[in-house]
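A quick write-up on the structure given underneath.
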Amino acid sequence: YYSNTITLNFPEDINLYPNPSSDKVNITVNANYGDYWEYTLHDMFGNQIAQDRVSLPYKQINVQHLAKGVYHFIIKFSAGYDADKKVIRFMKN
């Protein structure tokens, strides 16, 4: 059997905007993340480009230096459980 249905799950507790962006991207965490949350930014080849540990619910990230393309933000809460790991696709234009 074949299906033409695509289901996308976006984390309801994390906002990444504007997406796409050419200079800066904002991440807002609207969940109980514990003492901190961490992000890593990866290119489409899986190479890690950036990372940071954030103790506030908001972070602005400069993406001007990135080449045009698709990237993945992997966000983990300080609790460290697999359920607290979110992957968000981001497009740099």
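Laid out as a table, the results:
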read-out	value
Cα convex hull of region 26-93 - mean projected area over all directions, nm²	4.5
Segment Ala31-Lys68, length gained on full extension (0.36 nm per residue, minus Cα span)	10.3 nm
Loop trypsin sites (Lys or Arg not before Pro), region 38-93 (other Cβ atoms within 10 Å of the site Cβ: 11 or fewer; DSSP)	Lys68
Length gained when the stretch Leu56-Asn19 is fully extended (0.36 nm per residue, less Cα-Cα span)	11.2 nm
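Read the figures in this text as sums done on the coordinates, not as results from a lab. Just so it is clear, the model here is predicted, and its values are computed rather than measured. Cβ atoms come from the backbone with ideal geometry, glycine included; neighbour counts cover every protein chain shown.
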